[in-house]
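Below you will find the structure I want to go over with you.
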Amino acid sequence: MANDRPLKIAIVAGEESGDLLGADLVEALKRTTGREVRLVGIGGRHLQGLGLTPLFDGSEIALMGLSAILRDLPRLMRRISQTANAVAGEKPDCLITIDSPDFSLRVARKVRAADPAIPIVHYVCPSVWAWRPGRAVAMRPYVDHILCILPFEVKELARLGGPPGTYVGHRLAHDPGVLAAAKAQSLPRDLSGDRVKTLLVLPGSRRGEVRRLAGPFGKTVSILRARGHRLRLLLPTVPHVADLVRASVASWDEKPEIILDPGRKWQAFGKADAALIASGTVSLELALSGVPMISCYRLDPVMRLAQRLITVWSAALPNLIADSPVVPESYNQYVRPHYLARQLEALFSDTAYRAWQKDGFAEVARRMATDRPSGEIAAEAVMGYIKG
């Protein structure tokens, strides 16, 4: 029977997060179809564990970005051509490109030109809703479908004239660490004024973010202490910036406890009364965990020049998902420690400000909910493009 034959899936995933999404999708394809899945392309350890022999090390894609492209353009163009030629030569049932749009979408375009019969699905919608919206229309000739991880992206793609999309859900909505932190946050909490307040401080996972925000965050802590607050500071971070973080907080009046272990990170999320953060994916982690927060960002000089290209009304994912200003944001010259300290004070107590955020986070969770695991929804969308 035709449907007993193995599925041949080409996949392009460079980032660790993309590798995880790809492995989850492949396992769902096996489970829901009952068919063997043979893999070709690029991926990390999770996809390799499912039988993929990568064309080259996926870490070469993981570092993609404007500066990387300009620095190493000839080699990257060779890798794009190598990948596209290999995929087209294999004639897979479907090509699935995952995130890393600077690389993967260039591969998709070349594969479509080489063999228009190969269906192409892209996993993780490029942020066309935030900047360079013209990319949505540009994808239509060579991307058949987009698997979206944020619930508003399907409508945004339609509004901008992009390929059709399916909301498959976000891994964070089902992450065991997030769920454990949310359970801890839901328990009764002492919000009296004289207690020790547990403050999460998250100055970013990139070196530039840490350099630009560690100073204002440290001054905010000093102001809170001067205003009579007793604090316990918890600072979850990642290994590649840990030394910079330690050096950056060495002069703070109150030294934070630096956390590198992922399990302890989620425990810290569960204990926190509030968080002071660098804008990023961590805002969604905190929202789903139920931790009130203040979001900050200071753009580097290059990005300040590109600010006019940004079209989205907020940079905080919880705000975009809830379609409401749930998380307060401070940017550039408005990252002012005296202001941040007073905002945090309002979150430390049983205030309407705190309740507003908590209600908003519940709406974020409601909008992100799916009736099935994301891998199964993604697999169903992919099978809609596979013939035989």
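Which Cα, out of Ala362, Ala23, Gly208, lies furthest along the positive dipole direction of the chain (beta carbon charges, K/R +1, D/E -1)?
Gly208
Can you tell me, using C-alpha contacts under 8 Å and at least 6 residues apart, the relative contact order of the chain as a whole percent? Mind showing how you got there, number by number?
Values: 692 pairs, mean separation 61.6, N = 388.
16 percent.
Ignoring ligands, DNA and RNA, please state the percent of accessible area on the chain from carbon and sulfur, probe 1.4 Å.
Numbers: 9680 of 17590 Å².
Whole-percent figure for carbon plus sulfur exposure: 55.
Take Ala250 and Leu50, extend 7 Å from each Cα along the Cα→Cβ direction, and tell me the distance between the two endpoints in nm.
With each label point 7 Å from Cα toward Cβ, the separation is 4.5 nm.
Using 7 Å Cα-to-Cβ label points, what is the Thr311/Gln333 separation (nm, one decimal)?
Computed distance between label sites Thr311 and Gln333 equals 2.8 nm.
In Å², what does the accessible area per residue of segment 222-372 work out to with a 1.4 Å probe? Intermediate results must be reported in sequence, preceding the final value.
Working: 7070 Å² over 151 residues.
Value returned for segment 222-372: 47 Å² of accessible area per residue.
Hey, can you grab everything whose amide H is under 5 Å from the amide H of Glu36? Only 5+ residues off in sequence or another chain; H modelled, so Pro and N-termini drop out.
The list, which skips near neighbours in sequence, is Leu7.
To continue, here is another question. Residues of segment 19-122: accessible area per residue at 1.4 Å, in Å²?
Per residue, segment 19-122 has 45 Å² of solvent-accessible surface.
Most mobile of Ile98, Ile258, Ile149 per a Gaussian network model of the chain (Cα springs, under 10 Å)?
Of Ile98, Ile258, Ile149, the most mobile in the Gaussian network model is Ile258.
For segment 198-307, what relative contact order do you get, as a whole percent, if you take Cα pairs closer than 8 Å and at least 6 residues apart? Could you put the intermediate results ahead of the total?
Working: 155 pairs, mean separation 37.2, N = 110.
Reported relative contact order: 34 percent.
Per DSSP H run of n ≥ 4, the term is -39500 (n - 2.57); total these for the chain, divide by its residue number, and report the mean residue ellipticity at 222 nm rounded to 500 deg cm²/dmol. It would help to have the intermediate numbers written out before the result.
On the way: 18 runs with 186 residues, N = 388.
So the calculated ellipticity at 222 nm is -14000 deg cm²/dmol.
Can you compute 3J(HN,Hα) from phi for each residue in segment 278-292, using the Karplus curve 6.51 cos²θ - 1.76 cosθ + 1.60 with θ = phi - 60°, rounded to whole Hz and x for Gly and Pro?
These are the phi-based 3J(HN,Hα) values: 7, 4, x, 4, 4, 5, 6, 4, 5, 4, 5, 7, x, 9, x Hz.
Hey, in the GNM for the chain with a 10 angstrom Cα cutoff, which one of Leu187, Leu157, Leu244 fluctuates hardest?
Checking each option, the largest mean-square fluctuation is seen for Leu187.
Using alpha-carbon pairs under 8 Å, 6+ residues apart, how would you state the relative contact order of segment 146-197 in percent? Each step should come with its number before you reach the end.
On the way: 35 pairs, mean separation 15.2, N = 52.
Dividing the mean separation by the residue count of segment 146-197 yields 29 percent.
Enter the angle in degrees (range 0 to 90, nearest 10) between the Cα long axis of helix 239-249 and the first principal axis of the Cα atoms of the chain, meaning the one along which they spread out most.
The angle comes out at about 20 degrees.
Answer with a single label: of [x] 22.3, 75; [y] 21.0, 65; [z] 29.7, 96, which was calculated as Rg and Dmax of the Cα atoms in Å from the structure in view?
Read-out taken from this structure: [x].
Would you please give the FRET efficiency between Arg366 and Lys30, computed as 1/(1 + (r/R0)^6) with r the Cβ-Cβ distance and R0 = 22 Å, to the nearest 0.05? Intermediate values should be presented prior to the final figure.
Working: r = 31 Å, r/R0 = 1.41.
Efficiency for this residue pair is about 0.10.
Continuing with this model, one more query. I want to check a number: in the chain, how many lysine pairs have alpha carbons closer than 26 Å, given a sequence separation of 8 or more or different chains?
Lysine pairs satisfying the spacing and distance rule in the chain number 26.
Amide H to amide H, which residues 5 or more places from Tyr167 or on other chains are under 5 Å from it, using H placed in the peptide plane?
Correct list: Cys148.
The values are calculated or read from the model by the stated rules, or taken from the named source; none is laboratory data. Treat the numbers as computed from the prediction; the structure is a model and nothing was measured. We place every Cβ from the backbone using ideal geometry, glycine too, and count neighbours over all the protein chains shown. All accessible areas refer to the heavy atoms of the entire protein, side chains included, with ligands and DNA or RNA removed. Shrake-Rupley method; radii C 1.70, N 1.55, O 1.52, S 1.80 Å.
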